[in-house]
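What follows is a short report on a single structure.
The values are calculated or read from the model by the stated rules, or taken from the named source; none is laboratory data. Note that the structure is a prediction, hence the values are computed from the model and not measured. We place every Cβ from the backbone using ideal geometry, glycine too, and count neighbours over all the protein chains shown.
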Amino acid sequence: MTFTSRSAPVEAGRGSAGAAASAGVRAQAPVGAAVGLPDARGSSPLATVAFERTRRLRATASRRRLVRETRLSPAQLVMPLFVVPGHGRREPIGSMPGQARLSPDLVVELATRLAGLGVGGLMLFGIPGEKDPFGEGAADPEGPVPEALRRLRAADLPLALAADVCLCEYTTHGHCGIVSGDRIDNDATLPRLAGAAVAYAQAGADIVAPSAMMDGQVAAIRAGLDAAGATEIAILAYACKHASALYGPFREAADSTPSFGDRRSHQMDAANGREALREMALDAAEGADMLMVKPAITSLDVLARARERFDLPLAAYQVSGELAMLEAAAERGWIDRRRAALELLTAIARAGADVILTYLAGDVPAWLSEEDAR
Ligand code: PBG
Ligand code: ZN
């Protein structure tokens, strides 16, 4: 192997192609040395200033792998799952190819496969048999999520079990809290969220994840858990949750589209980054053990800034619309599904996420072992 035969074919296309290629062929000895430049630098007959050869570490797959700054691991991935009541029930979700609503027994089946792949955990969302204006079902110990949690506990899988805490999947109006007139009553919602969190903790959750964006929800849930003796159950706060068009497919899956109005009175304006950090600081102060941002792809700046500011573990949720965009483009052959997925997830980790919630959690482990020599 000679230096020139390896580098010459890819030299073209960078700068002035012909000149660069011929310079590469002649450069058997470092050109820099001849003109008295430091070894680490290069020069070319065309360059009037010294330049760095950052391409050296990109020349081969093994070098790239050696110096890669961000590595994904199955252990950091959390798979969101939609749980419905019943047995042997599997309902594919149209806008989320590959995803389905599952009854608790099938949740355990899938969880067993995910655990075998080394995936880190699950995030459970419940879709109850019946909804009501107060979202009573959210705290029902016989609901689909507590049922799935008990079965998962019994299966003793090496997975962290998280349960989403919100009312919107359980209310007839699809709002995240108790509705009073045309408003959502923040303080009337808090005890309901705490009640749901306690029900999930008692059914076997390791982590509860409040997503309602009610003020004080983390403090209320912490107090509720502690009063119930669940002092060891962690809170993963959906701290910075922007009001996003990217939740559309999820709402189809959970049948939780608001019947009137929208979620802008509680979810954050997507234009706000400083406010996002304030929300995160408040949740940390209320006792959150981990802080989440979502959607992931629109929150990379928030993640990067949060990484500098907080020592708590950070999570990012690659939401349903992010999945839908990827799957739709891949289906049309417009992008390479696997490469695009890994690139997106890697960028989320690079921005500062320790934990990534992604509907692709079941696909990624195999990709990572195949891609080892990228
Ligand atoms: C419930 C909740 C939502 C998501 C997570 N928790 C929907 C919403 O706020 O409308 C979105 C997740 C996704 O889109 O994948 N509050
Ligand atoms: Zn909600």
Condition check: away from ligand 1 (no atom under 11 Å from the Cβ) and either polar (S, T, N, Q) or in contact with a helix residue (DSSP H, G or I) (Cβ under 9 Å, 6 or more places away or on another chain) (or both). Does LEU323 satisfy that?
no
Can you confirm whether ARG338 is farther than 26 Å from LEU161 by Cα, in contact with a Phe, Trp or Tyr (Cβ under 6 Å, 6 or more places away or on another chain) and either surrounded by 16 or more Cβ atoms within 10 Å (Cβ to Cβ) or outside the structural domain of LEU114 (by TED's automatic domain parsing) (or both)?
yes
Has segment 317-338 got any residue that is more than 17 Å from MET96 (Cα to Cα) and of a type in the set (Lys, Arg)?
no
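Yes/no matrix, rows are residues, columns are (1) surrounded by 17 or more Cβ atoms within 10 Å (Cβ to Cβ); (2) modelled with pLDDT of 80 or more; (3) closer than 30 Å to MET290 by Cβ:
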{"position": "GLY24", "(1), (2), (3)": "yes, no, no"}
{"position": "PRO38", "(1), (2), (3)": "no, no, no"}
{"position": "PHE51", "(1), (2), (3)": "no, yes, no"}
{"position": "ARG55", "(1), (2), (3)": "no, yes, no"}
{"position": "ARG58", "(1), (2), (3)": "no, yes, no"}
{"position": "SER62", "(1), (2), (3)": "no, yes, no"}
{"position": "GLN76", "(1), (2), (3)": "yes, yes, yes"}
{"position": "VAL83", "(1), (2), (3)": "yes, yes, yes"}
{"position": "ARG101", "(1), (2), (3)": "yes, yes, yes"}
Pick from segment 161-190 the residues that are closer than 16 Å to ALA205 by Cβ and hydrophobic (A, V, I, L, M, F, W, C): which of them is nearest to ligand 1 (Cβ to nearest atom)?
CYS166
Checking ALA219, ALA254, ALA199 in turn, the sole residue that is more than 16 Å from ligand 2 (Cβ to nearest atom), touching a residue at least 60 places away in the same chain (Cβ under 8 Å), in the same structural domain as VAL108 (by TED's automatic domain parsing) and crowded, with 21+ Cβ neighbours inside 10 Å turns out to be ALA199
Restricting the search to segment 165-178, which residues are outside any loop (DSSP other than H, G, I, E, B) and surrounded by fewer than 24 Cβ atoms within 10 Å (Cβ to Cβ)?
ILE178
Do any helices (runs of 4 or more DSSP H) lying entirely in segment 253-357 carry at least 2 residues that are touching an Asp or Glu at 6+ places or on another chain (Cβ under 9 Å) and under 24 Å from ALA219 (Cα atoms), and which ones are they?
274-286
Which residue, of VAL107, VAL119, is in contact with a strand residue (DSSP E or B) (Cβ under 6 Å, 6 or more places away or on another chain), assigned by TED's automatic domain parsing to the domain that holds HIS173 and assigned to a loop (DSSP other than H, G, I, E, B)?
VAL119
